[in-house]
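What follows is a short report on a single structure.
The values are calculated or read from the model by the stated rules, or taken from the named source; none is laboratory data. Because the structure is predicted, anything quoted here is derived from the model rather than measured. Heads up, the Cβs are rebuilt from the backbone with ideal geometry, glycines too, and the neighbour counts pull from every protein chain shown.
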Amino acid sequence: MKEGWLKVGKVTDIPENGGSCIKYKDTQIAVFNYTVKNEFYATQNECPHRHEMTLSRGMIGDKAGEPKVACPFHKRNFSLQSGKCLSGDDYTIKTYPTKVEDGYVYVKVEE
């Protein structure tokens, strides 16, 4: 891992317009391939509402142009950019910077 960038897999390993979960140390990270915007996002995998590891299986889309993920169980919507709950609740999720180099997706993590 170079300068905190964790290689999480090939671009093709993450489903188009969907997510995958990776584990780094004791942390589950949801990585999303948002092909509509040709961007990758990463967030914590845990939904803060019920503390279930589900966000990587959530539906992604946008709300007023802001990329978001909806928890598959509780339907809370979270910004993939800021982590803010877009459903009006006082929840937030952690987000991680991402980049793509040479066909691989990287997530910036704290070492």
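Among residues of the range 67-111 being at pLDDT 95 or above and of a type in the set (D, E, K, R), the one that is surrounded by the most Cβ atoms within 10 Å (Cβ to Cβ) is Lys68. Being over 19 Å from Val109 (Cβ atoms) and of a type in the set (S, T, N, Q) holds for only one residue in Asn77, Asn33, Asn45, and it is Asn77. Residue count for the range 67-90, restricted to those that are within 22 Å of Tyr24 (Cα to Cα) and without any contact (Cβ under 8 Å) to a residue 12 or more places away in the chain: 0. Going residue by residue through the range 49-66, is there one that turns out to be free of Cβ contacts under 8 Å to residues at least 60 places away in the same chain and in contact with a helix residue (DSSP H, G or I) (Cβ under 7 Å, 6 or more places away or on another chain)? No, the range 49-66 has no match at all. Every listed requirement among (1) crowded, with 19+ Cβ neighbours inside 10 Å; (2) over 14 Å from Lys99 (Cβ atoms); (3) not hydroxyl-bearing (Ser, Thr, Tyr) is met by Val36 save one, (1). If you go through the range 91-102 and keep only what is in contact (Cβ under 8 Å) with a residue 40 or more places away in the chain, out of contact with any Lys or Arg (no Cβ under 8 Å at 6 or more places or on another chain) and in a loop (DSSP other than H, G, I, E, B), you end up with Ile93, Lys94.
Where in the range 1-90 are the strands (runs of 3 or more DSSP E), entirely inside, with at least 2 residues that are hydroxyl-bearing (Ser, Thr, Tyr)?
18-24, 27-34, 39-44
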